[in-house]
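Only one structure is covered here, and it is reproduced in the block below.
The values are calculated or read from the model by the stated rules, or taken from the named source; none is laboratory data. Computed from a predicted structure; not experimentally measured. Please note: Cβ atoms are built from the backbone with ideal geometry, for glycine as well, and neighbour counts cover all protein chains shown.
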Amino acid sequence: MKALFEKPYVGKALRALKPWALWIGLFVVLKVTGLGSEITYTTQSMLLKAGVFDATPTPRAEEDFPYSFRVKDLNGKVVEMKDLKGKVIFLNLWATWCGPCRAEMPSIQKLYNEVDKEKIAFVILSLDQENQSKKVARFVSQKDFSFPVYLPASPLPDALRVNTIPTTFIVGTDGKIKHKKVGMANYDTPEMRAFLSKLTQ
């Protein structure tokens, strides 16, 4: 056991690590400074703008949407999801710490700007911890997002307890889930606008 700590072994270990030292140092710097997440965010944003992740509505087996939960806006006002029955619902699950979520939000804002808000309800539902509401509000304000942002006000139903965020559900006026997208997407597309418009008819 003593031999393991003798200088020849230490020197050998250091020589083995030397080729990796630059990469390890770079990783530590990116992690400590937060530049890593900024680089990831920028890269993801560029890919979205390039159309690589355009959201394409695809036919799916329609499941009933579970309306049996409540959300609250950033002012604390509680909304019963069942009160949105009869409207098309664009429900996006996200969090402030999620890079892909942040990257796709400008496209959601552009979509929100273009649709009939009397017929389509946007529920941008943050999954940040309950005591992080001020952080969520600060993020939304800094980005000048005007779509409605909510936090859960009751336990979410099983269908919304997803393993990956962002995840987006689009619910028709008949209460059926018409589209589900797991992962980042660009929602500012003619196809998505046409899809939502058709659902309102």
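Structural remarks
- Candidates ASP128, ASP116, ASP54: the one that is closer than 30 Å to THR173 by Cα, loosely packed, with under 12 Cβ neighbours inside 10 Å and either modelled with pLDDT of 95 or more or not β-branched (Val, Ile, Thr) (or both) is ASP116.
- Out of LEU156, LEU151, one residue alone is touching a Pro at 6+ places or on another chain (Cβ under 9 Å) and under 25 Å from ASP83 (Cβ atoms). It is LEU156.
- Checklist (1) under 17 Å from the mean Cα position of the chain (by Cα); (2) loosely packed, with under 13 Cβ neighbours inside 10 Å applied to GLN201, failing item: (1)
- Summed over the range 176-189, the residues that are in a loop (DSSP other than H, G, I, E, B) and under 18 Å from LEU125 (Cβ atoms) give a count of 4.
Listed here are the residues, each with its yes/no results for (1) more than 20 Å from ASN113 (Cα to Cα); (2) not in a helix (DSSP H, G or I).
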site	(1), (2)
SER133	yes, no
ARG138	yes, no
ALA159	yes, no
ASP174	yes, yes
GLU191	no, no
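- One residue stands out among those in the range 58-116 that are part of a loop (DSSP other than H, G, I, E, B) and of a type in the set (Asp, Glu): the one that is nearest to TYR150 (Cα to Cα), which is ASP116.
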